[in-house]
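> The structure that follows is given in the form of structure tokens.
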Amino acid sequence: MPYLGGKEAVKELRRALSNPNVQADPLRYRNTVLRVIRMMSQGADVSSLFSEMVKACATVDVVQKKLVYIFLCSYATLNPELSLLVVNTLRKDCQDPNPMVRSLALRSMTNLRLPSLVEYVEQPLTAGLRDRAACVRRVAVLGWAKLSNLQPAADLDAAVVNELYSLLRDPDPVVVVNCLRALEEILKEEGGVVINKPITHHLLKRLKDCDVWGQCEVLRVLQRYRPQSDDELFDILSLLDPSLVSPHPPVMAATLSLFLSLCSDLPAVSLAALERVRGPLLSACGSSSREMRFAALCHVQLLLRSVPGLLGEHYKRFFCGYAEPAFIKQRKMQVLVELVNDDNVGMLLDELKGYCTDVSMDTAQTAIAAIGHIGRSYSDRSLEILTGLLTLKQEHITSAVVQTMRDLVWVCPQCSDTVCSALEGCEETLQDDQGRQALLWLLGVYGERLTSAPYTLEVFIDGVRSEASLGVKMELLTAAVRLFLTRPAEMQDMLGRLLHFCIEEERDMCVRDQALLYYRLLHCGIEETRKVLQGRRSDPSLGVLIGRQAEPISQWASSFNTMDALKKAAVETEMASRGSPEHVATKLKADLDLPETLDCCPDDALHSGSDSPGEHPDAPVDGVASDITLSLSPAVSPEEFERLWLQRHTSCLEHAEEQGCVWTEETVRCPLLRCCSPQSLQAAMQLVNIQTLAFTPPHTLPWRVFLYTHTQHTHATDSTLVLAQLQQEEAAEEMGAAGTRGQEVRVTLRQQPTDARALRVFVSVLSSVLHSLSSGSI
């Protein structure tokens with residue numbers, strides 16, 4: 001809101017503007033006008049000088065004209081009647097011999113934004129479209145776009161639209177781009193400018209003549225056009241190819257976006273285009289502009305979702321610089337997590353370890369979380385670094401490490417022993433709520449392995465009256481009840497005191513209701529409480545799979561070169577910091593598009609490669625209904641799976657019967673599975689207690705998936721370990737008289753010890769899952 005400048009200053013300016021001596025001196029007159037503009041820019045109310053400024057625009061001084069027009073455009077809406085006096089001067093200037101004056105007059109006339117002046121503006125704008133000077137045509141084209149906002153589009157003369165379409169072939173490239181923008185604005189209710197084949201090829205041929213932003217505008221508009229034949233498509237791609245490696249990142253991004261739009265049905269061409277932009281993208285990631293670097297890193301993350309190995313050999317380009325801002329460092333670390341492999345994991349972990357002691361707490365916590373993500377595939381090296389960080393006794397580092405360890409044991413249960421041994425004494429350093437909640441969760445779930453767990457909880461229970469965090473109180477309740485189930489003698493008195501306080505004295509209803517729930521649950525009996533609170537300790541299905549499946553380009557192509565790409569974040573990293581991992585697992589699985597039931601496959605869908613059905617007359621068809629159950633415990637690490645699996649190629653295979661192991665092969669015929677998302681595959685297998693450890697990328701043939709489970713009879717104590725490899729070839733076979741196309745999935749199994757009936761149950765359950773996944777519901 002403008003402030004009321006000094007009245008004397010405004011009066012002095014009025015006297016100066018009206019002084020004939022000042023008007024006779026062009027320099028003094030211009031300086032006086034400049035003083036008015038300076039006061040206006042400082043917020044002073046100089047609207048009372050409108051009449052004097054209207055007179056000041058009648059000059060041959062271009063600089064003074066521009067200053068006066070700035071004033072008139074700012075105050076025209078406050079003085080609509082006096083603005084009519086300006087129009088005549090502006091219309092006169094539109095016929096000035098100087099093209100700069102003509103363009104300035106047209107621009108100022110349209111910037112008045114007064115509906116009452118539209119009829120006076122149309123004729124100069126129409127003449128401006130045919131002006132011999134390119135700068136005037138540029139302004140006139142944009143002037144019609146401004147005019148369309150002052151009157152309904154229906155009132156706009158169709159001849160003007162046709163004139164704008166004809167100007168798409170103007171020799172000046174800026175006029176062409178301005179025409180595109182103007183037509184987009186004028187025809188927005190009709191879907192924007194219409195792009196046909198002649199216009200498309202003309203714009204592509206003129207593309208190199210446009211500036212950077214003009215090229216981006218042309219490429220954006222061309223996404224509406226669809227080639228009518230393959231030959232035309234490849235002709236367009238050939239014209240776009242030079243822009244794909246443009247040194248200007250905006251042009252490169254706009255070209256790639258158009259490439260992906262045109263080649264949505266040609267994945268091989270899309271992948272080749274991604275390979276082509278690798279160099280320009282890397283250059284953009286090293287730009288001197290922070291904003292450009294951040295945008296480039298966000299787009300790199302999109303590309304890595306479909307081509308994980310695209311930048312694998314250039315991982316050092318994503319190492320963080322000391323002076324870089326925290327938001328760029330965090331994004332670079334997210335990219336480094338995507339680029340990790342067997343060859344560079346050691347160097348990447350060492351680099352991330354250095355970031356853990358960064359002066360920025362956010363950067364340090366992001367680095368620790370990145371090490372935790374890498375630990376899902378390389379647990380030993382990551383845990384060694386995380387354990388070493390605990391010795392630093394830094395509050396924010398300890399908190400981030402404990403949260404990362406909590407998330408790590410949830411997806412990698414084989415790390416629990418190392419994590420438990422590292423937790424001793426870290427409660428003294430933890431001060432923030434998130435870190436204490438993570439520690440309490442670990443104490444509740446793995447408290448029987450920690451000798452000091454009850455005494456650590458006792459410290460929390462004794463201080464519960466002064467505890468301000470509701471999340472800590474609720475996590476403390478759960479941890480105390482869980483630990484009571486495994487160490488009742490040590491926890492009985494403490495749990496009683498905690499429940500009494502939360503039920504009788506706690507004012508927060510959430511904490512009180514949770515305490516009442518546990519109190520009543522304990523009255524139902526210990527076994528009933530165990531069923532509720534001592535469920536699964538981990539969920540390996542949420543881990544990052546080795547050989548993670550690449551996403552189709554179509555899933556993110558629409559977000560490329562838009563603001564959506566900048567909003568993408570590491571979803572797993574964000575969700576892992578929100579309380580207990582059980583809540584994260586529940587939400588992730590609820591979001592998966594899975595069938596409500598897993599229907600068993602028909603009997604003829606199973607074909608044994610080693611044992612025929614006649615050899616096992618008692619083998620159940622439905623594994624769920626039998627007395628044999630599947631279980632994920634004990635967990636098998638990727639290293640242990642590989643060791644057991646490779647025994648197939650050693651002398652163990654020759655003496656398999658002596659060692660109590662058996663190899664067999666089964667074949668399941670079902671539609672193509674490689675289109676199934678990795679999350680859906682993991683979750684579907686998890687529902688029937690089959691763990692997915694690894695699989696190859698979808699474009700790799702043959703496509704393989706590695707699984708394991710434990711089979712156990714209802715009344716038996718021993719279990720049978722079943723290792724499985726699913727392999728699917730590209731070739732399809734005819735199924736049935738209707739000619740339905742199908743795929744054969746070859747299942748290679750290793751079982752130890754031998755249990756033929758349990759093996760048939762596993763194959764039956766596995767076949768049910770495969771047919772549910774391939775039924776089209778996912």
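> Kindly provide the set of residues from the stretch 162-184 that are more than 40 Å from the chain's Cα centre (by Cα) and crowded, with 17+ Cβ neighbours inside 10 Å, ordered by number.
Hits for the stretch 162-184 are Glu163, Leu167, Asp170.
> Then there's this: Residues Ala569, Ala565: which one is modelled with pLDDT under 90, touching a His at 6+ places or on another chain (Cβ under 8 Å) and among the small types (Gly, Ala, Ser)?
Ala565
> For Thr255, state whether it is among the β-branched types (Val, Ile, Thr), within 18 Å of Thr562 (Cβ to Cβ), out of contact with any Lys or Arg (no Cβ under 9 Å at 6 or more places or on another chain) and in contact (Cβ under 8 Å) with a residue 12 or more places away in the chain.
Answer is yes for this residue.
> Of all residues in the stretch 165-221, which are closer than 18 Å to Ser243 by Cα and touching a Phe, Trp or Tyr at 6+ places or on another chain (Cβ under 6 Å)?
Within the stretch 165-221, Thr200 is the sole residue that qualifies.
> Which residue is nearest to Cys524 (Cα to Cα), if the candidates are limited to the stretch 439-492 and must be basic (Lys, Arg) and under 41 Å from the mean Cα position of the chain (by Cα)?
Once the filter is applied, the top-ranked residue is Arg482.
> Taking Pro242 and the conditions (1) exposed (fewer than 14 other Cβ atoms within 10 Å of the Cβ); (2) over 24 Å from Leu180 (Cβ atoms); (3) not charged (D, E, K, R), which numbered condition does it fall short on, given that it satisfies the others?
That leaves (2) as the condition not met.
> For a quick check of your reading: which helices (runs of 4 or more DSSP H) sit entirely within the stretch 28-124 and have at least 1 residues that are aromatic (Phe, Trp, Tyr)?
Helices (runs of 4 or more DSSP H) meeting the threshold: 50-56, 62-75.
Conditions (1) at pLDDT 80 or above; (2) within 15 Å of Ser631 (Cα to Cα), marked per residue:
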{"position": "Val705", "(1), (2)": "yes, no"}
{"position": "Asp718", "(1), (2)": "no, yes"}
{"position": "Val747", "(1), (2)": "yes, no"}
{"position": "Ile778", "(1), (2)": "no, no"}
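> If we scan the stretch 326-345, do we find a residue that is over 18 Å from the mean Cα position of the chain (by Cα), at pLDDT below 95, buried (at least 21 other Cβ atoms within 10 Å of the Cβ) and closer than 24 Å to Gln394 by Cα? Break it down into steps so the answer makes sense when it comes.
Taking the stretch 326-345 and keeping what is over 18 Å from the mean Cα position of the chain (by Cα), we get 326, 340-345.
Okay, now just the ones that are also at pLDDT below 95, so 326, 340-345.
Cutting the leftovers down to buried (at least 21 other Cβ atoms within 10 Å of the Cβ) gives us 340.
Subset that is closer than 24 Å to Gln394 by Cα: none.
No, the stretch 326-345 has no match at all.
> Working only within the stretch 327-369, note down all residues that are free of Cβ contacts under 8 Å to residues at least 40 places away in the same chain and among the small types (Gly, Ala, Ser).
Answer for the stretch 327-369, where residues must be free of Cβ contacts under 8 Å to residues at least 40 places away in the same chain and among the small types (Gly, Ala, Ser): Gly346, Gly354, Ser360, Ala364, Ala367.
> Related question: Just to be sure I understand, how many residues within the stretch 79-102 are buried (at least 21 other Cβ atoms within 10 Å of the Cβ) and either of a type in the set (A, V, I, L, M) or in contact with a Gly (Cβ under 8 Å, 6 or more places away or on another chain) (or both)?
Summing the residues that are buried (at least 21 other Cβ atoms within 10 Å of the Cβ) and either of a type in the set (A, V, I, L, M) or in contact with a Gly (Cβ under 8 Å, 6 or more places away or on another chain) (or both) in the stretch 79-102 gives 4.
> So for the stretch 261-268 (the condition being out of contact with any His (no Cβ under 9 Å at 6 or more places or on another chain), surrounded by 16 or more Cβ atoms within 10 Å (Cβ to Cβ) and either outside any loop (DSSP other than H, G, I, E, B) or in the same structural domain as Arg224 (by TED's automatic domain parsing) (or both)), does at least one residue qualify?
yes
> Can you pull out the residues in the stretch 208-224 that are surrounded by fewer than 20 Cβ atoms within 10 Å (Cβ to Cβ) and over 28 Å from the mean Cα position of the chain (by Cα)?
Hits for the stretch 208-224 are Lys208, Asp209, Cys210, Asp211.
> Taking helices (runs of 4 or more DSSP H) that fall entirely within the stretch 347-415, which contain at least 3 residues that are of a type in the set (A, V, I, L, M) and more than 25 Å from Lys316 (Cα to Cα)?
Because the criterion is at least 3 residues that are of a type in the set (A, V, I, L, M) and more than 25 Å from Lys316 (Cα to Cα), the helices (runs of 4 or more DSSP H) in the stretch 347-415 that meet it are 395-411.
> Quick test for you: out of Val22, Val68, Val60, Val33, pick the one residue that is touching a Phe, Trp or Tyr at 6+ places or on another chain (Cβ under 9 Å) and within 28 Å of Gly143 (Cα to Cα). Break it down into steps so the answer makes sense when it comes.
On the way: Val22 fails: within 28 Å of Gly143 (Cα to Cα); Val68 fails: touching a Phe, Trp or Tyr at 6+ places or on another chain (Cβ under 9 Å); Val60 fails: touching a Phe, Trp or Tyr at 6+ places or on another chain (Cβ under 9 Å).
Answer to the selection: Val33.
> Can you name the residue in the stretch 435-457 that is of a type in the set (S, T, N, Q) and outside any loop (DSSP other than H, G, I, E, B) and is also nearest to His396 (Cα to Cα) among such residues?
Gln437
One line per residue, one yes/no per condition, for (1) under 15 Å from the mean Cα position of the chain (by Cα); (2) more than 25 Å from Gly354 (Cα to Cα):
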{"residue": "Pro280", "(1), (2)": "no, yes"}
{"residue": "Cys285", "(1), (2)": "no, no"}
{"residue": "Phe294", "(1), (2)": "yes, no"}
{"residue": "Cys298", "(1), (2)": "yes, no"}
{"residue": "Leu311", "(1), (2)": "no, no"}
{"residue": "Phe319", "(1), (2)": "no, no"}
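> Restricting to the stretch 416-434, name every residue that is assigned to a helix (DSSP H, G or I) and closer than 17 Å to Leu389 by Cα.
Here is the first cut: in the stretch 416-434, the ones assigned to a helix (DSSP H, G or I) are 416-422, 426-428, 433-434.
Passing the criteria: Thr418, Val419, Cys420, Ser421, Ala422, Cys426, Glu427, Glu428.
> Quick one: count up the residues across the stretch 189-207 that are surrounded by 13 or more Cβ atoms within 10 Å (Cβ to Cβ) and under 27 Å from Asn149 (Cα atoms).
5
> Restricting to the stretch 99-139, count the residues that are under 19 Å from Leu183 (Cα atoms) and hydrophobic (A, V, I, L, M, F, W, C).
The qualifying residues number 10.
The values are calculated or read from the model by the stated rules, or taken from the named source; none is laboratory data. If you're wondering where the values come from, they're calculated on a predicted model, not measured in any experiment. Neighbour counts are summed over all protein chains in view; Cβ atoms, including those assigned to glycine, are modelled from backbone coordinates with ideal geometry.
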